[in-house]
1. Determine whether residue 51 is touching a strand residue (DSSP E or B) at 6+ places or on another chain (Cβ under 9 Å) and open to solvent by 80 Å² or more (accessible area, probe 1.4 Å).
2. If a residue must be within 20 Å of residue 79 (Cβ to Cβ) and within 16 Å of the chain's Cα centre (by Cα), how many such residues does region 35-68 contain?
3. Given the condition surrounded by 12 or more Cβ atoms within 10 Å (Cβ to Cβ), assigned to a helix (DSSP H, G or I), in contact (Cβ under 8 Å) with a residue 24 or more places away in the chain and of a type outside the set (A, V, I, L, M, F, W, C), answer yes or no: does some residue in region 6-15 qualify?
4. Which one of 40, 32 is over 23 Å from residue 83 (Cβ atoms), in contact (Cβ under 8 Å) with a residue 24 or more places away in the chain and surrounded by 15 or more Cβ atoms within 10 Å (Cβ to Cβ)?
5. Quick one: would you say residue 74 is closer than 20 Å to residue 19 by Cα, touching a residue at least 40 places away in the same chain (Cβ under 8 Å) and either open to solvent by less than 20 Å² (accessible area, probe 1.4 Å) or assigned to a strand (DSSP E or B) (or both)?
6. Could you tell me which residue of region 98-120 is modelled with the highest pLDDT, considering only residues that are assigned to a strand (DSSP E or B) and hydrophobic (A, V, I, L, M, F, W, C)?
7. Could you go through region 78-97 and let me know if any residue there is loosely packed, with under 15 Cβ neighbours inside 10 Å, assigned to a strand (DSSP E or B) and among the aliphatic types (A, V, I, L, M).
8. Mind checking which residues of region 19-35 are at pLDDT 95 or above and closer than 16 Å to residue 7 by Cβ?
Amino acid sequence: MSDIITLTEAAAFQIKDMMKEHEEESAYLRIGVKGGGCSGLSYGMGFDHEKNENDTLIEQHGLSILMDEESIAIMKGTTIDYKQSLMGGGFTIDNPNAIAQCGCGSSFRTATNEGTPEEC
């Protein structure tokens, strides 16, 4: 199941640092997709303490990642990285299923799922 998404070492290190900072070391990392954003779908990442029935558990770099079935279908093959620059740092998401993206990089659509576009 690790071919669903790839979390780079840099991204995992940053997430572990954030978990420690927010005292969430025992939490799962939830990665998913929801409707919205200018292109129709938006990515989401956050900490969760509950595994739902339709969740898949993925272990990478010592992190326990949860994804629901719908998000897996949309994000299969995605790589999540963390890049540091002079302007600060941020997560980058490279989703091979995205056919259109907003300039912000966090809103997209796929060939089979247009989501629910909103004004930026």
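1. yes
2. Total meeting the criteria: 19.
3. Taking every residue of region 6-15 in turn, at least one turns out to be surrounded by 12 or more Cβ atoms within 10 Å (Cβ to Cβ), assigned to a helix (DSSP H, G or I), in contact (Cβ under 8 Å) with a residue 24 or more places away in the chain and of a type outside the set (A, V, I, L, M, F, W, C).
4. Unique residue meeting the criteria: 40.
5. no
6. Taking the candidates together, the pick is 98.
7. There is no residue in region 78-97 that is loosely packed, with under 15 Cβ neighbours inside 10 Å, assigned to a strand (DSSP E or B) and among the aliphatic types (A, V, I, L, M).
8. 19, 27, 28, 29, 30, 31
The values are calculated or read from the model by the stated rules, or taken from the named source; none is laboratory data. As the structure is a computational prediction, the values presented were derived from the model and not from experiment. Neighbour counts run over all protein chains shown; Cβ positions are idealised from the backbone, glycine included. The area values use the complete protein model at the heavy-atom level, side chains included, leaving out ligands, DNA and RNA. Shrake-Rupley method; radii C 1.70, N 1.55, O 1.52, S 1.80 Å.
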